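Before any comments, here is the structure.
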């Protein structure tokens, strides 16, 4: 009988130890189960409350400049809103053109890192090219066009890219069919009604346009398609 009591006592002790062990282990299992509910495979970036560098890419923060480039270009009517380098080059070109001297305009062109494009045919001498195309005025007529172009609003294109530029006149990047009567008045300061009809048929503005890069470099002053 005493031996049987000893056996019962031992069994009871084993059961107590087992229950204690199970009780101690229960929180660990509960913690693991909650953990797997919060961190789910395939959860969207940032679902766990953390922010990683690649999360910024996923939100489109880096792609924003591309979205701007695909949208409608910004037309600038107030030249005081131009970046300082762009405004400075614009003023320099205007001052040179108003002298009536072709060589002064060429000096302004040469102030850029590379000579602005002035001919679709790849001519190398701006003065010879202008005189050949405007023989009645010995080329000076092109300077009047140059000032008229720069006195119109411009358009800011391709912001945030290497091709970022300010282009005059804004008609160069605006669908001609969408022009308002007021905008047509500005256009007819530069081209004739006949030119306008030809451009509508061609589908684009193809008279003189001028581009200045965001760095202030004069990029082109050219006419044609």
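Tabulated values for the structure
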item: Burial ranking of peptide ranges 149-160, 83-94 (average Cβ count within 10 Å, highest at the top); result: 149-160, 83-94
item: Fewest-first ranking of 178, 114, using other Cβ atoms within 10 Å as the exposure measure; result: 178, 114
item: Separation in nanometres of the label points that stand 7 Å from Cα toward Cβ, at residue 148 and residue 107; result: 2.7
item: Added length on full extension, which subtracts the Cα-Cα distance from 0.36 nm per residue, residue 81 to residue 136; result: 16.0 nm
item: Stretch gain in nm, segment residue 182-residue 125, where the contour uses 0.36 nm per residue and the Cα spacing is subtracted; result: 16.8 nm
item: Distance histogram for segment 73-222 (every C-alpha pair counted, 5 angstrom bins, percent rounded to whole numbers); result: 2, 9, 19, 23, 20, 16, 9, 2, 0
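Since every read-out is calculated from the coordinates, none of them should be taken as a lab result. Computed from a predicted structure; not experimentally measured. Heads up, the Cβs are rebuilt from the backbone with ideal geometry, glycines too, and the neighbour counts pull from every protein chain shown.
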